[in-house]
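Structure first, commentary second.
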Amino acid sequence: MKKITILIPCYNEQEVLPKLFPRLDKLIKSQNRFDWELLFVNDGSRDQTFEKIKKYAEQNKAVSYINLARNFGKEIAMAAGIDNVKADALIIIDADLQDPPELIPDMIKIWLEGYDDVYARRRSRAGESFLKKFTSSMYYKVLQKSTRIPIQQDTGDFRLLDKKCIKALQSIQETNRSTKALFSWIGYKKKEILYDRDPRAAGQTKWNYVKLVGLAIDGIVSFTTAPLRVATFVGFLVALFAFIYLIVVFIKTMVLGIDEPGYPSLMIVILFLGGIQLITIGIIGEYIGRIFVETKNRPLYLIESKKLK
Ligand code: UDP
Ligand code: MG
């Protein structure tokens with residue numbers, strides 16, 4: 001019998017868990033030709049999430065859990081889960097029922113046809129603002145232009161991964177991880193499956209724009225070093241422009257004898273160049289900061305308690 005693990009990262013999800021459990025139960029019952037494991041990763045929740053998971057584990061033998069020492073963020077919570085998976089396939093799903101578990105049988109079907117990474121692509125995104133959708137689509141475009149790795153658009157972490165992919169992900173232990181970048185990076189045979197993303201069933205989203213911008217920068221920096229190249233190009237461009245300007249000024253003053261007003265043009269050039277230099281230093285800093293964190297070589301996460309099937 002093939003073993004399938006469902007990985008569910010949870011952070012303050014007490015409202016939604018009572019809705020999630022019956023839907024998972026139903027799924028497992030309808031697919032009883034597999035050996036199921038429900039692996040909950042409690043990401044340092046401050047509400048009754050862990051108590052609820054523990055109680056569920058007492059009732060249901062398929063339930064495993066990992067209780068992290070504090071809130072590490074979803075990316076790391078997923079890493080903790082992935083590291084502890086021993087299964088033929090792994091399905092990652094949000095706790096808030098935005099990813100319908102009812103899609104899982106279709107994913108399994110495609111997996112059994114021989115695909116290694118069946119990812120769910122959002123056909124629609126109910127309950128999300130226009131701004132969020134627009135920025136997200138722009139972001140994908142920029143990202144895709146800057147790297148040779150094919151990036152799956154409108155895809156979250158909801159996917160089924162074969163044993164091969166699990167092993168590949170377990171071998172990656174970088175601290176600054178953008179899981180999405182890793183899913184693309186590992187490659188293997190991918191297949192998309194379309195679905196309508198539901199609004200959150202209960203509780204509150206943990207994301208805000210500050211966090212999202214952080215995630216977007218993490219995504220770019222861990223996908224590609226293209227921003228460094230852009231900085232170089234901009235440097236050349238500015239130098240070229242300055243050279244042309246120099247010739248113009250030279251001809252105007254030396255050949256034609258026209259006075260060149262100094263202060264405003266100087267001010268503009270200084271501020272413009274200062275801005276570009278600061279941005280460039282910032283870009284370099286993003287990479288250096290990551291080198292710093294990476295060289296400290298700390299463990300990715302700390303586990304307080306766990307029960308694995
Ligand atoms: N999550 C987590 N740790 C965090 C934040 C979120 O494990 O620090 C989990 C959360 O419990 C949920 C999933 O990540 O299962 C997605 O979070 P959320 O629904 O808040 O994000 P959104 O769907 O709005 O992008
Ligand atoms: Mg959500």
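Here, each number is a calculation from the coordinates, and none is a lab measurement. Since the structure is predicted, the reported quantities are computational estimates derived from the model, not experimental observations. Virtual Cβ from ideal backbone geometry, glycine too; neighbours counted across all protein chains shown.
The table for this structure:
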read-out: Centroid-to-centroid separation of the range 191-221 and the range 249-309 [C-alpha atoms, Å]; value: 28
read-out: Spin-label pair Lys26/Lys306, simplified geometry with 7 Å Cα→Cβ offset, distance in nm; value: 3.1
read-out: Of the DSSP H helices in the chain, those whose Cα atoms cover at least 18 Å axially and whose Kyte score averages 1.6 or more; value: 226-250
read-out: The range 5-51: chymotrypsin sites (Phe, Trp or Tyr not before Pro) in DSSP loop, at most 16 other beta carbons within 10 Å; value: Phe34
read-out: GNM result for the chain, Cα springs below 10 Å: residue of Gly219, Gly282, Gly73 fluctuating most strongly; value: Gly282
read-out: The chain - Rg and Dmax from Cα coordinates, angstrom; value: 24.8, 92
read-out: Helical contribution to [θ] at 222 nm, DSSP H n ≥ 4, -39,500 (n - 2.57), averaged over the chain, rounded to 500; value: -16000 deg cm²/dmol
read-out: Length released on extending from Phe34 to Glu174, taking residue separation times 0.36 nm less the Cα-Cα span; value: 47.2 nm
read-out: Under 14 Å, Cα to Cα: Lys pairs in the range 158-309, sequence gap 8 or more or different chains; value: 5
read-out: Phe233 paired with Val249, simple spin-label distance in nm, labels 7 Å along Cα-to-beta-carbon; value: 2.7
